[in-house]
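So the structure is just underneath, and the comments pick up after that.
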Amino acid sequence: MYAEPIINYIALIDLTTVPLPQMLPNGYLISSNAEYYEPGILTLAEATKHPATLGELLSLGSVVMMNSYAGTVLVITGDSDLPYCGSDCLATGGAAVSIPAEAKMNFFNVSESNFSAVVPLNTGYSMNLHYNATSAYAVMNNFPGSKGLASS
């Protein structure tokens, strides 16, 4: 399914700084991949990371098709996000502008003008660890105001 061997997604780290496994039941995943980040941040991220359930990671692709939500929607994920996009969120085979943009079909009551899919470049999963985090946060912080939802 992926063009590159999985070994290419593994970042080398000093294993003496990594905390012991959290001994969680089956069904939890933890991240181990990041690109375009300050390498020193990985130690802190590894020491403070939290597990995620499979349902959390699959939520974007498994939104109930028969929902009646008609508000505003922002879908944002880095272009190199491995869990959501296989490390290439722009690889759609021409079906859409991006994989996050394809989520629009799950929000059929949301108008085109109220749906935004943004893919910050040089950013992967855990975008707040990346150099481009400020760009992603600018999009998130400006989105409500752009839809008339900012506080007064």
Query raised in the report: Given the conditions (1) open to solvent by less than 90 Å² (accessible area, probe 1.4 Å); (2) under 17 Å from the mean Cα position of the chain (by Cα); (3) modelled with pLDDT under 75, and given that Gly86 satisfies all but one, which numbered condition is not satisfied?
Result: (3)
Query raised in the report: Out of (1) at pLDDT 85 or above; (2) in a loop (DSSP other than H, G, I, E, B), what's the single condition that is false for Tyr137?
Result: (2)
Query raised in the report: Being open to solvent by less than 30 Å² (accessible area, probe 1.4 Å) and part of a helix (DSSP H, G or I), is that true of even one residue in the range 111-125?
Result: no
Query raised in the report: Among the residues of the range 92-110, how many are open to solvent by 40 Å² or more (accessible area, probe 1.4 Å) and in contact with a Ser or Thr (Cβ under 9 Å, 6 or more places away or on another chain)?
Result: 3
Report summary line: Restricting the range 89-119 to residues that are under 23 Å from Ile41 (Cβ atoms) and touching an Asp or Glu at 6+ places or on another chain (Cβ under 7 Å), the one modelled with the highest pLDDT turns out to be Val119
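The values are calculated or read from the model by the stated rules, or taken from the named source; none is laboratory data. Predicted model, so just to flag it, every value in this text is computed and none were measured. Cβ: placed from backbone, ideal geometry, glycine included. Neighbour counts: every protein chain shown. We work out accessible area using only protein heavy atoms, side chains counted, and drop any ligands, DNA or RNA first. Shrake-Rupley method; radii C 1.70, N 1.55, O 1.52, S 1.80 Å.
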